Amino acid sequence: MTNITLAELWKLKNCIYTIKKEIPYVDIKPYSHNIINLTLASVAEQFGDEQAKKIIASTELKYMGWGCWLEKY
């Protein structure tokens, strides 16, 4: 992630906020998994797979079923 603009940084921070906001509701609210998956896919598309992996590794997602993304790719 080199030469990131302020607008891109804001988008990334917003995605991370969205993911962290949904984590407590996994297996409670019906669409939390979908919101997290779509947001991670958006991060991977815009900022690269490594950034999406960093988000997974730095949150509880690694223990909630998304840890396989770290090993798979």
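Every read-out reported here was derived from the displayed coordinates using simple, explicitly stated rules and does not represent laboratory data. Small disclaimer: the values here were computed from a predicted structure and weren't measured. Counting neighbours? That spans all protein chains shown, and the Cβs are built from the backbone with ideal geometry, glycine included.
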For residue 58, net neighbour charge (Lys/Arg +1, Asp/Glu -1) across residues whose Cβ lies under 14 Å away: +3
Cα→Cβ-extended label distance, 7 Å offset, between residue 71 and residue 46, nm: 3.0
Relative contact order %, the stretch 6-73, counting alpha carbon pairs below 8 Å whose residues are six or more apart: 23
Positive minus negative residues near residue 32 (Lys, Arg vs Asp, Glu; Cβ under 10 Å): 0
Options [x] 21, 15, 9; [y] 44, 13, 8; [z] 69, 11, 4 - which one matches semi-axes √(5λ) of the Cα gyration tensor in Å as calculated here: [x]
